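Take a look at the structure below.
The values are calculated or read from the model by the stated rules, or taken from the named source; none is laboratory data. Note that the structure is predicted; figures quoted are calculated from it, not measured. Positions of Cβ are backbone-derived with ideal geometry, glycine not excepted, and every protein chain shown enters the neighbour counts.
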Amino acid sequence: LAQSFGKSCTKNLFHLFSLSDYSKDQHGYFMFSDFFCYIPSRNPKEVQYLIDWYFNMELTMQYNSSVGGWTGFTPAGLITAAKFNADKYDVVQRILERELVCQRSFLMKSYIEPNVSLQTVEDNDSTLECSALDFYPKHIRLTWFSNGQEVTEGVTFSDVLPNGDWTYQAHTYLTLTPGKQDHISCMVQHTSLKEPKIYNWEPSMNQTDRDYIIGGVCALLLGAVFLCVGLIHYKQKWNTFAV
């Protein structure tokens, strides 16, 4: 069993892990398989797991997680690939190998910055939601501030939830005080960040303001219609009088 690590010369290849296995039977037949973890970016969802299967120095078949199974290149490889693809235990094994070996080994050496969003909760303009998505490792801290002061009242937190691909998500909620126009922000602290990041809430126009504006626009349009009708009527009367 041999194991080697290296960096690829391919421009968009971030990390390469390879594991090779050799065997030879009593008749001198030689089997060789090479296992690869390709990570083209810092997104763990893009990890690719490949296995090259050789027999007597000839590439007979290949497993590719992006394809979702084995592909045969020789008559014997086609038969074996079809057999492996039909074997549900082999299918599950390769999926687990990709997750446990490729994704896990990559994440153990990596920090993934959270994708943060700050907005009001749908159908509830009085509650703000600060969401941190797709980060690694698990530990994260989300803090609310109002006018530069930390807020602890009216704050709730979700559990840090796994996404199923070794990354996590977390949410925190803040109930706004009616009538107050404070400067609200959410601070995120995570290992992937060199320093805490602050995200400011930009309050959008509330429903009452929108209703007033819509009503005003409708009134203006209605007034314009009545004005046009009046001008037309006046012009018709003037033409009749002139005749």
| How many of the residues in the range 38-65 are part of a strand (DSSP E or B), more than 19 Å from the chain's Cα centre (by Cα) and either under 25 Å from Asn163 (Cβ atoms) or modelled with pLDDT under 90 (or both)? | 6
| Looking at Asp90, is it surrounded by fewer than 17 Cβ atoms within 10 Å (Cβ to Cβ), in the same structural domain as Glu195 (by TED's automatic domain parsing) and within 30 Å of Asp52 (Cα to Cα)? | no
| query | Looking at (1) surrounded by fewer than 12 Cβ atoms within 10 Å (Cβ to Cβ); (2) in contact with a Phe, Trp or Tyr (Cβ under 9 Å, 6 or more places away or on another chain); (3) modelled with pLDDT of 80 or more; (4) not polar (S, T, N, Q), can you tell me which one Tyr29 breaks? | reply | (3)
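Please determine, by comparing only the residues of the range 93-113 that are of a type in the set (Lys, Arg) and either surrounded by 13 or more Cβ atoms within 10 Å (Cβ to Cβ) or at positive phi (or both), which one is nearest to the chain's Cα centre (by Cα).
Our first condition is that a residue be of a type in the set (Lys, Arg); within the range 93-113, this holds for 94, 98, 104, 109.
Then keep just the ones that are either surrounded by 13 or more Cβ atoms within 10 Å (Cβ to Cβ) or at positive phi (or both); that gives 94, 98, 104.
Working: Arg94: 24, Arg98: 19, Arg104: 18 Å.
Among those that are of a type in the set (Lys, Arg) and either surrounded by 13 or more Cβ atoms within 10 Å (Cβ to Cβ) or at positive phi (or both), it is Arg104.
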| field | Filter result (buried (at least 17 other Cβ atoms within 10 Å of the Cβ), closer than 23 Å to Glu202 by Cβ and at pLDDT 90 or above) within the range 152-184 | value | Gln169, Ala170, His171, Thr172, Tyr173, Leu174, Ile184
